[in-house]
1. Give the label of the value calculated from the structure for mean projected area of the Cα convex hull in nm², choosing from (1) 10.5; (2) 11.0; (3) 12.4.
2. Going by alpha carbons, how many degrees (0 to 90, nearest 10) lie between the helix axis of 60-83 and the longest principal axis of the chain?
3. By counting other Cβ atoms within 10 Å of each Cβ, how are GLU99, GLU85 ranked from fewest to most?
4. Just rank TYR50, TYR38, fewest to most, by other beta-carbon atoms within 10 angstrom.
5. Relative to the longest principal axis of the C-alpha atoms of the chain, give the angle of the C-alpha long axis of helix 145-177, reported between 0 and 90° and rounded to the nearest 10°.
6. Would you mind ranking CYS135, CYS14, CYS80 by Cβ crowding within 10 Å, fewest neighbours first?
7. HN-Hα J couplings of the range 12-24 from phi, Karplus 6.51/-1.76/1.60, θ = phi - 60°, integer Hz, Gly and Pro as x?
8. Assigning unit charges at the beta carbon (Lys, Arg +1; Asp, Glu -1) and nothing else, what dipole magnitude in debye, to the nearest 20, does the chain show about its Cα centre?
Amino acid sequence: MLNTPNILSLFRLCLVPVFIIVYFSGLERASLYAAGIYALALFTDFLDGYIARRFNLITNLGKVLDPLGDKMITFSVLACITIDEIIPVWIVFAFACKEILMGVGGIIIHKRAKVEIPPSNPIGKSATVIFFLVCVLLIIFDIPHTAAVTMICVALLISFSAFISYVWSFKKIMRQRGDV
């Protein structure tokens with residue numbers, strides 16, 4: 001069902017190619033425009049979640065579109081700054097592996113335990129914000145390579161902490177159901 005939160009998530013997905021085109025456009029202020037597009041994407045993420053919860057507009061479609069939009073825009077940003085040799089390629093692979101594991105784990109828990117996937121938690125939300133801030137800094141400023149790698153590794157570490165907290169939640173659900 002298409003509702004305002006789902007339309008915002010679709011819009012965020014549409015921002016992915018726009019970000020990539022603008023980032024590599026060669027425009028005088030391309031990095032600022034690209035950072036603005038990324039900020040708009042993050043804003044729609046918070047807005048669609050707020051609207052969905054506030055007006056009880058949570059749908060199964062939204063449960064797929066929202067995280068898909070988040071991951072696609074972040075992956076695109078990481079890929080672009082990797083192509084620009086700001087960060088090493090292994091960071092993109094680490095991020096992608098974590099996201100794939102979270103997705104597969106969520107599906108397994110949903111199928112096995114027949115429960116809803118827990119919503120994002122404060123660690124996950126913090127990881128999103130920190131990833132955003134680090135990526136924007138890397139897009140806009142010419143940061144020395146060592147500092148850039150350190151910054152993105154800290155963001156990745158927080159993101160992996162969120163992953164571990166989700167695994168912990170899933171295990172707790174499975175224990176409560178007697179499946180583990």
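1. (1)
2. 30 degrees
3. GLU85, GLU99
4. The fewest-first ordering by Cβ neighbours comes to TYR50, TYR38.
5. Once rounded, the angle reads 10 degrees.
6. Placing the least packed residue first, the sequence is CYS14, CYS80, CYS135.
7. Karplus values, whole Hz, x for Gly and Pro: 4, 4, 5, 6, 4, x, 4, 4, 4, 4, 5, 4, 9.
8. Here the chain has a charge dipole of around 1000 debye.
Every read-out reported here was derived from the displayed coordinates using simple, explicitly stated rules and does not represent laboratory data. Keep in mind the model is a prediction, meaning the values are calculated, not measured. Cβ sites come from the backbone with ideal geometry, for glycine too, and all protein chains shown count toward neighbours.
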